[in-house]
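The values are calculated or read from the model by the stated rules, or taken from the named source; none is laboratory data. Since we're looking at a predicted model, the values are computed, not measured. Glycine gets a Cβ as well: all are built from the backbone with ideal geometry, and neighbour counts include every protein chain shown. To get the accessible areas, we keep the full protein, side chains included, count just its heavy atoms, and leave off ligands, DNA and RNA. Shrake-Rupley method; radii C 1.70, N 1.55, O 1.52, S 1.80 Å.
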Amino acid sequence: MKYDYLIVGAGFFGSICAYELNKLGYKVCVIDSRNHIGGNCYTENKDGINIHTYGPHIFHTSNEEVWKWINQFVSFNNFINTPVANYKGEIYSLPFNMWTFNKLWGVTHPHQVQLIIEQQSRHIGEPKNLEEQAIKLVGKDVYEKLIKGYTAKQWKKDPKLLPASIIKRLPVRFTYNNNYFNDKYQGIPIGGYTQIFEKLLDGIEVRLKTNYFTDELPEYQKIIYTGPIDKFYNYQFGELEYKTTEFKHQKKKTDNWQGVAVVNYTDEDIPHTRTIEHKHFEFGTQPHTWITHEYPVEYKAEKTEPYYPVNDSDNNIKYQKYKELADQETNVIFGGRLAEYKYYDMHQVIESALNFINNEIKRINK
C-alpha cells in the first residue's frame, strides 16, 4: 500500500496530524522508534497509579479552541500544580510568590519585596544572561538559593552561559497565589495521557520500534517529520544542543512519600533536580506510591533522548541553517518541539499541529 502521509513520531504533533488527516480520508502510516505511542507524554499504569514516564505533564492552556479539542478525547480533573522547592531541608513555595518571600525575608507586603529586589538588582542594566535576568526578577537571595544550583544541574551549564529567555518562563507574583500556571484551563487527564493517543491513532497503521533512518519504510507521498531536525540532515551543520534527563522510578511502601506532586531540589549537593510523586496528580488513595527522581545528564546525539532545546544564540544560528534547508523541501513537513527546535508546551504543540492541518488542507484544496 502507498500512503499519502508517512508520519515520523507518535507524540502529540504526529498523532494529531494522523487523526485529522485520517478523518479527511487520507491514507496515513505512523512510525515511532520507541515501543509505545504518546511520545514524552506517555503514561504507564503501575499498581493503579499512572506514571508520567518522561517527567510530569500538567496540561494548561488559555486557548479555548485547544481546550475544547482535547476534551473530545478525555476528561480532566482539577489538579493545580503547586510545587515546592527544597534547599538543604528548607521548604519554599513555588512559583516565586509572597509565601516564598515571607519565608526568605520575613516580609508581608508586596512593596517590601519589590524594595528588596530593587536593592539587590540595581547594579544590573539590561540582563545579558540567565543569572542577570533571574536577579533582576527576584533578587540575589532567591537566585542563590532557589535558581542557581537547580539551573546549573538541570542545564549542565553555568547560568551565566545560558540565555536570559529561559528564566522568563517562570512566574513571579507579589500575591499569595502559588498556582504555578496562569492559564484558565488546567488539569490532568483522568486515567493518564496514553488513552488520548490510543483514540487519536485508532484505526491508523502504527509501526513501533521502527527507525526512519535505518528500517524499511512503506511507500508514501509526503512525510511529516517530528524528530530532531539536525539528525534528519545528518548533522551537516553540527549537532544542536538539547537538555536531557534520566528518570529513575521507584515504588514506595507508603501511602504518601512527600505530600505534593513535585519537589524541586535546588542545591547542587543533591544530584537530582526533582522528585515526582505521581499519585498526587490524580488524588490517589492507594496504600502504596510511585516516585521518580530526575537526573540531568549530558546530551549526546544518538545516545541520549533530546527533550528541551537550548535556544541560545549559537544553537539558534545553527538551527536557522537547518531551517533554510527544510524550507526548500517539497514533500517533507517539519513539526513539533524537536523538528522546529522550539520549547513548546503541550497546548502549544496542539495549536501548532491544528494550524498546520488547516493550512495543509487549504493548500491541497487550491
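State, to one decimal in nm, how far the label point of residue 76 lies from the label point of residue 248, with both points 7 Å from Cα in the Cβ direction.
3.3
Could you tell me which of 150, 28, 56 has its Cα farthest along the dipole of the chain towards the positive end, charges placed at Cβ (Lys, Arg +1; Asp, Glu -1), taken about the Cα centre?
Farthest along the dipole direction, towards plus: 150.
Longest span of the chain, sites excluded, free of GluC sites (Glu not before Pro) in DSSP loop with at most 12 other C-beta atoms within 10 Å?
The longest such stretch corresponds to 1-215.
Return the subset of 2/27; 148/303; 231/342; 88/145; 148/168; 153/318 for which the Cα-Cα distance in this structure is over 18 Å, preserving the input order.
In this structure, 148/303; 153/318 exceed 18 Å between Cα atoms.
Given that compact globular proteins tend to follow 2.2 N^0.38 Å, what is the ratio of the alpha-carbon Rg of segment 159-308 to that value?
1.35
Roll a 1.4 angstrom probe over the protein heavy atoms and tell me the percent of accessible area of segment 61-112 that is carbon or sulfur.
Result for segment 61-112: 51 percent of the exposed heavy-atom area is carbon or sulfur.
Classify segment 147-222: rounded, prolate or oblate, from the alpha-carbon gyration tensor (a ≥ b ≥ c, eigenvalue square roots; a/c under 1.5 rounded; otherwise prolate if a/b is larger than b/c)?
It is oblate, given that a/c is not under 1.5 and a/b is not larger than b/c.
Tell me the carbon and sulfur percent of the accessible area for segment 174-321, rounded to whole percent, probe radius 1.4 Å.
The computed percentage sits at 44.
Given the DSSP H assignment, sum -39500 (n - 2.57) over each helix run of at least 4 residues in the chain and divide by its residue total; what's the result at 222 nm in deg cm²/dmol, nearest 500?
-8500 deg cm²/dmol
Restricting to the chain, what percent of DSSP beta bridges are antiparallel, rounded to 5?
The antiparallel proportion sits near 60 percent.
Springs between alpha-carbon atoms under 10 Å, Gaussian network over the chain: tell me which of 287, 163, 95 tops the mean-square fluctuations.
Comparing 287, 163, 95 in the GNM, the peak value goes to 287.
Under 8 Å for C-alpha pairs, at least 6 residues apart: give me the relative contact order for the chain, rounded to a whole percent.
Reported as a whole number, the value is 25 percent.
Nearest 5 is fine: what % of DSSP beta bridges in segment 5-81 come out antiparallel, could you say?
50
Which residue fluctuates most in the GNM of the chain (Cα springs below 10 Å): 162, 115, 137?
115
Can you tell me the equivalent ellipsoid semi-axes for segment 310-366? Use √(5λ) from the Cα gyration tensor, largest first, whole Å.
Semi-axes (√(5λ), whole Å): 23, 17, 6.
Can you tell me, using C-alpha contacts under 8 Å and at least 6 residues apart, the relative contact order of segment 210-278 as a whole percent?
So the answer I get is 17 percent.
Can you give the percent of C-alpha pairs in segment 1-113 whose distance is more than 20 Å?
Counting pairs separated by more than 20 Å, the tail of P(r) holds 63 percent.
Residues of the chain: accessible area per residue at 1.4 Å, in Å²?
That works out to 47 Å² per residue.
Could you give the size of the charge dipole of the chain about its Cα centre, using +1 on the Cβ of each K and R and -1 on the Cβ of each D and E, expressed in debye and rounded to the nearest 20?
Around 360 debye, computed over the chain.
Please give the charge dipole size of segment 98-256, origin at the Cα centre, charges +1 on K and R Cβ atoms and -1 on D and E Cβ atoms. Round to the nearest 20 debye.
The dipole of segment 98-256 has a size of about 740 debye.
In debye, nearest 20, what is the charge dipole magnitude of segment 247-366 about its Cα centre with +1 on Lys and Arg Cβ and -1 on Asp and Glu Cβ, if you could check?
Dipole about the Cα centre, nearest 20: 420 debye.
Pick out, in residue order, every one of the chymotrypsin sites (Phe, Trp or Tyr not before Pro) in segment 176-213 that is DSSP loop and has at most 15 other C-beta atoms within 10 Å; say none if there are none.
Those that pass, being in a loop and sparsely packed, are 176, 213.
Just flag the chymotrypsin sites (Phe, Trp or Tyr not before Pro) in segment 227-321 sitting in loop per DSSP whose Cβ has no more than 13 other Cβ atoms within 10 Å.
Answer by residue number: 233, 283.
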